[in-house]
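Data first, discussion second: the structure below is written as structure tokens.
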Amino acid sequence: MGSILSGLRRPSRTSESHPEPEQLVPTLDLSPNQHELLVESWKLIQQDIAKIGVIIFIRLFEVHPECKDFFIPFRNVDDLHELITSKDLRAHGLRVLSFVEKSIARIDNSIRLQELALELGRSHYRYHAPPKYYQYVVSEFMSAIHPLLKDKWTTELENAWKNLFAYICAMMKRGYDEEERRKYNDGDYSSNSLEGNKNAVI
Ligand code: HEM
């Protein structure tokens, strides 16, 4: 069974003009059995994606209310019950779970999966959503799928999802950092925090 961020290797080379700080490159390490467990469990999860997406975000906003501020349509909603029927929240949840679906479709193709997650990290820099919060979404995803999978839930399955998300979050962070460095190298020194960008278009 693979550990959460099992293989970590050094990058083969760094850019010469603007060297990246030396980082460990995350690798996705799934056993063939974990691979199959992900694909099979996704078939069950897929049947309920709209509901799961809403549950993930209601729970996220309940447990970590600070995350709500990153979403323009939800930041002024005080009563989370209002969000249960919100079309915006449903659409957002579906976008996130479509991303998971694409990731599952690419677990055989590490280059395409890596590019997908890096690009998502770059876009999260533009949404002002920093990496320290990504794990919260993962925790809520795990809590939401557990009751759905009932007797199919095993430690091996749990570890398979954790491995996949650890890789995705690590790649998102790289994409986020890359975009931040690019902005800096382009001479854009403005803060990317929400506080510094109250009127930013997300
Ligand atoms: C594993 C963690 C996460 C995943 C997989 C994820 C995935 C996504 C996806 C697929 C989108 C649709 C737009 C796009 O593809 O660029 C999106 C948008 C967005 N995400 Fe995330 N996200 C994660 C965590 C977070 C967190 C923790 C926050 C805030 C604290 C956040 C804030 C946003 C915002 C503000 C948008 C744009 C608004 C929107 O599309 O509705 N995300 N995210």
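Bear in mind these aren't lab numbers, they're just calculated from the coordinates by the rules spelled out. Because the structure is a prediction, the values reported are computed rather than measured. With ideal geometry, Cβ positions are generated from the backbone for all residues, glycine too; neighbour counts draw on all protein chains shown.
Could you pull out the pairs from Lys102/Lys173; Lys68/Lys183; Lys132/Lys173; Lys87/Lys173; Lys43/Lys152 whose alpha carbons sit more than 20 Å apart here? Mind showing how you got there, number by number?
Numbers: Lys102/Lys173 18 Å; Lys68/Lys183 25 Å; Lys132/Lys173 9 Å; Lys87/Lys173 29 Å; Lys43/Lys152 12 Å.
Pairs exceeding 20 Å: Lys68/Lys183; Lys87/Lys173.
Ranked by Cβ crowding within 10 angstrom, fewest neighbours first, how are Asp188, Asp151 ordered? Kindly include the intermediate steps, with their values, before the conclusion.
Details: Asp188 10, Asp151 5.
By the 10 Å Cβ count, ascending, the order reads Asp151, Asp188.
Could you sort the peptides 113-124, 32-43, 78-89 by per-residue average Cβ neighbour count (10 Å cutoff), highest mean leading?
Working: 113-124: 18.9, 32-43: 15.2, 78-89: 12.6.
By packing density, highest mean first, the sequence is 113-124, 32-43, 78-89.
Which of Leu28, Leu44, Leu157 has the fewest other C-beta atoms within 10 Å, and how do the rest follow up to the most? Provide the component values of the computation, followed by the final result.
Details: Leu28 23, Leu44 13, Leu157 19.
Sorted ascending by nearby Cβ count, the order is Leu44, Leu157, Leu28.
If I model a spin label at Asp188 and Glu115 as a point 7 Å from the Cα along the Cα→Cβ vector, what separation in nanometres do I get?
It is 2.3 nm.
HN-Hα J couplings of segment 129-134 from phi, Karplus 6.51/-1.76/1.60, θ = phi - 60°, integer Hz, Gly and Pro as x?
Couplings: 9, x, x, 4, 9, 4 Hz.
Based only on other Cβ atoms within 10 Å, what is the fewest-to-most ordering of Met171, Met142? Please report the intermediate quantities before stating the final value.
Numbers: Met171 22, Met142 14.
If I rank by nearby Cβ atoms, fewest first, I get Met142, Met171.
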